[in-house]
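One structure is given below, encoded as structure tokens.
Nothing in this text is a laboratory measurement; each read-out follows from the coordinates by a stated rule. For clarity, every value in this text was computed on a predicted model and none was experimentally measured. We place every Cβ from the backbone using ideal geometry, glycine too, and count neighbours over all the protein chains shown.
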Amino acid sequence: MASCPKLRIDEVSMAFKTPAGLYSALAPITLDIPEGRFVSLIGPSGCGKSTIFNIVAGLLEPTSGRVLIDGIEATGTIGRVGYMLQKDLLLPWRTVLDNTVLGMEIQGVPMHEARGRALPLLRRYGLTGFEYLYPSALSGGMRQRAALLRTLLFDTDIILLDEPFGALDAQTKLHMQEWLLRLWSDFRKTVVFVTHDVEEAVFLADEVVVMGTRPGHILEAIEVPVARPRLRTVALSPEFITIKQRCLELLNVNAAALGEAA
Amino acid sequence: MALQDTVGRLSGTEAAPPPATIPAVAKPVRRLPVNKDWPAWAIVATQIGILVAVIGLWELGAQTGTIDAFFWSQPSAIARTLVIFFTAGDAWTDIAFTFQSTIYGFMLGTTAGSLLGLSFWWSRNYAAIVQPYVICFESLPKLALAPLVILVFGLGLASKIAIATALTLVVSTLTTYAGVKALDPDGEKLFYSLGASRWQVFRKLVVPFSLPWIISVLRVNIGLALTGAIVGEFIASQHGLGRAILYAGQTYDIALVWVAVLVLSMLAVIMYVSVSWVERLLQKGVTH
């Protein structure tokens, strides 16, 4: 299979039992993500973005459907993808360095070897001087960097980022976006990126997947044919604005439809 | 202009000029209360002064007969008894006995309690089943079991350790469990997403996370362990400061009661201060 996608979400659906009956959080969703692609996922709260991530990371068993990695069944298996949750979840009793090696450590890599691998990366990606500090001494942006490097150092081909920059101020957020793109172009990972910020979604991604809610489903997948490396000013170009408008339209239509239903 | 008109209409005093000053209502003038700190030497001097005054008045009262020295004894007699207690009496044996049962009970109860509290993380079912028993044991006045404990464990050190352990165990269990419950489920999610086993999550997340809780009960527990040891000695024992107090009381040797209480409180203070020091050291080691 030459065209085997890196990650295939195949007719995955999710329903939760509630006192009021079965609540369908996710309608059957199918999504193919080729190797090395950067895909943004946007949608209103409760559209099942985090549910998809939990299913792909193996933390949640889908009601139906399968997750395929390299064409091989991976439903319900953990440790196959790097997953960065909304919170940085750095362990306060570990130094930044020891936090970033957590994934390797759990996989059984000897501690000194793991540290040896992590150290140059920390230094190359903007954490010089912070290696031996504890997370409490770090700013929000630095903590996110450490958390992202922890995800990267886990060394999986696919990484899932759940609103990693959601809690940062606007200025830091811009820096972090560029930092992330640099990281991505160096490592060539397959990235799925969840965000609420449409501009962020379009700026970063090769493809933006817009989701609707009740139950969560895919409204449209939009290609972003903007050349890389992208400068900030790309956000002012007509093609960028067209894509952004289309995304906003989709999100609005969905919200309006919900408003009528309510 | 339009705004002024509106304001004028609203206040109902059209065109009337606003009063230049607000009519003077006598407001009480109040300054921020200041609590002036005395210098350290003044505090210490006052403390010593109070102590000397109390002892002096006590002695004076006993000499003049205002205070019944038979019931209350008197400082000079207490001082004499103190010297005898240490030179001719069992002071060191008693201190060592009480100290040992306290320390053993403290360590046993704290360790077992912490492990029990941590173990509740492993299975929600197990925690749900065991919880009512722990709560029952917590609300039970454990000292009421002391006579039974003496019967089972005998008159020696073992029974005192058992009571001290019983008192400390529950506090450690419940506090550690509170720590375990405060664990962010997302932390576990992170570990599992990295492919961790349950044992890895326990060792690398649950235990280090709960350590501050475990450490925070050390100071409470050393006091409880001492109480347990003393009560054990009250009920039946051949040694210990608790036995010395009980024996002195029964033979109307009130001076000896004071001496034993004095030595006991010194022991308590020394243990409390050392454990506080260890606690601070450990807390510094585990939190950043």
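Quick notes on this one:
- Three-way shape label, the stretch A:156-220, alpha-carbon gyration tensor, a/c 1.5: oblate
- For the stretch B:117-184, applying the loop criterion from DSSP together with a ceiling of 16 other beta carbons within 10 Å to the chymotrypsin sites (Phe, Trp or Tyr not before Pro) yields B:W122.
- Considering only the protein assembly as shown, percent of DSSP beta bridges that pair antiparallel, nearest 5: 55
- Chain A: angle of helix A:170-187 to the longest principal axis, Cα-based, in degrees nearest 10: 80
- Residues of the stretch A:198-222 with amide N under 19 Å of a point placed 7 Å along Cα→Cβ from A:E239: A:199-209, A:221-222
- Part-to-part distance (alpha-carbon centres) for the stretch B:20-87 and the stretch A:92-115, which is given in Å: 57
- Efficiency of FRET from Cβ geometry, A:L119 and B:V269, R₀ 45 Å, rounded to 0.05: 0.40
- Cβ crowding within 10 Å, taken as a proxy for footprinting-reagent exposure, orders A:R8, B:R80, A:R66 from fewest neighbours to most as B:R80, A:R66, A:R8.
- Cα convex hull of the stretch B:44-155 - mean projected area over all directions, nm²: 12.9
- Centroid-to-centroid separation of the stretch B:132-146 and the stretch A:170-193 [C-alpha atoms, Å]: 57
- Value of D in µm² per second that Stokes-Einstein yields for the protein assembly as shown, Kirkwood Rh from Cα pairs, at 20 °C (1.002 mPa s): 71
- Projecting the Cα atoms of A:L181, A:V109, A:S24 onto the charge dipole of chain A (Cβ charges, centred on the Cα centre) puts A:V109 farthest toward the positive pole.
- Label point distance in nm, B:Y247-B:L151, each placed 7 Å from Cα along Cα→Cβ: 2.6
- Distance between the 7 Å Cα→Cβ label points at B:F137 and A:L248: 6.4 nm.
- Helix A:140-153 vs. chain A, principal-axis angle (Cα, 0 to 90°, nearest 10): 90
- Whole-angstrom gap from the stretch B:194-235 to the stretch A:27-72, using each part's C-alpha centre: 42
- Secondary-structure-derived ellipticity at 222 nm for chain B, considering helices only, amounts to -24500 deg cm²/dmol, per-run term -39500 (n - 2.57) for DSSP H runs with n ≥ 4.
- Chain A: Cα Rg divided by the 2.2 N^0.38 Å rule of thumb: 1.03
- Between 0 and 90 degrees, the angle of helix B:207-216 with respect to the longest Cα principal axis of chain B falls at about 80 degrees.
- Sequence-distant lysines (8 or more away, or on other chains) whose Cα lies within less than 26 Å of A:K17: A:K49, B:K181, B:K189
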